[in-house]
Amino acid sequence: MASQRIETKNNIETPPAVAAAAVLNPPFYIAGKVQEGDKRGRELGFPTVNMKIGNLTIPYGVYVVLAKIKERILKGIAHVGIVETFNVKDPRCEVHLLDYNGDLYNERVELNLLKLLRQVKKFHDSQELVLQLKEDEKAARHFLKNL
Ligand SMILES: Cc1cc2nc3c(=O)[nH]c(=O)nc-3n(C[C@H](O)[C@H](O)[C@H](O)COP(=O)(O)O)c2cc1C
């Protein structure tokens, strides 16, 4: 059978397996512009794109995502919620792109959140957070490879 291209919201092309799952459990979608973060992510080795969004209407958590930026589809892991470890109380959505390095300030980002990896946690220190982020990246790559 010829492989099919199925599109989810806003025409982000999604492999058939994800689209099939989406029928049962729609992926969450968020769009917004990139704004300046606290620059902490870069120091941790996990630079993030911080999205300017209004009210968050999706559950807090860490997700595998596909991001549409400048007509490109990029893979990533996203954090939605408060940054418990550093006591940042305003909810946010930030994305670490897996194979991208560059300045995206002020660009529009559209996100399909494909899979919830885990809940947001409070870590003792940055080292513990980084260990978890490495695990998140591994799990995301595994998920995206097996679509
Ligand atoms: C995939 C991912 C998962 C994250 N998970 C958590 C978490 O569980 N708890 C937490 O306090 N912060 C979490 N963070 C947020 C980091 O603390 C944050 O990226 C870092 O503080 C950098 O923030 P900045 O980009 O505003 O400088 C996560 C970030 C990413 C990209």
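For this structure, a couple of remarks:
- Sub-8 Å Cβ pairs linking a first residue in the range 119-141 that is more than 15 Å from residue 95 (Cβ to Cβ) to a second residue that is part of a loop (DSSP other than H, G, I, E, B) and within 7 Å of the ligand (Cβ to nearest atom), at least 6 apart or interchain, are 129/123; 130/46; 132/121; 132/123, ordered by first then second residue.
- The combined condition, being in a strand (DSSP E or B), of a type outside the set (Val, Ile, Thr) and more than 14 Å from the ligand (Cβ to nearest atom), is fulfilled by residue 29.
Per-residue answers, yes or no, for (1) within 12 Å of the ligand (Cβ to nearest atom); (2) aromatic (Phe, Trp, Tyr):
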position: 84; (1), (2): yes, no
position: 88; (1), (2): yes, no
position: 100; (1), (2): no, yes
position: 118; (1), (2): yes, no
position: 122; (1), (2): yes, no
position: 129; (1), (2): yes, no
position: 139; (1), (2): yes, no
position: 147; (1), (2): no, no
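- Qualifying residue in the range 115-122 (condition: surrounded by fewer than 17 Cβ atoms within 10 Å (Cβ to Cβ), closer than 21 Å to residue 35 by Cα and among the charged types (D, E, K, R)): no
- Within the range 94-110, restricting attention to residues that are in contact with a Leu (Cβ under 8 Å, 6 or more places away or on another chain) and at pLDDT below 95, the residue that is nearest to residue 140 (Cα to Cα) is 99.
- Candidate set from the range 53-87 (those that are at pLDDT below 90 and touching a Cys at 6+ places or on another chain (Cβ under 9 Å)); member that is nearest to residue 108 (Cα to Cα): 53
- Among the residues making up the range 111-128, those that are in contact with a Leu (Cβ under 7 Å, 6 or more places away or on another chain) and within 16 Å of residue 41 (Cα to Cα) are 123, 126.
- Top-ranked residue in the range 48-81 [being within 14 Å of the ligand (Cβ to nearest atom) and surrounded by fewer than 17 Cβ atoms within 10 Å (Cβ to Cβ); ranked as nearest to residue 130 (Cα to Cα)]: 60
The values are calculated or read from the model by the stated rules, or taken from the named source; none is laboratory data. Since the model is a prediction, treat every value here as computed from it, not as a measurement. Cβ: placed from backbone, ideal geometry, glycine included. Neighbour counts: every protein chain shown.
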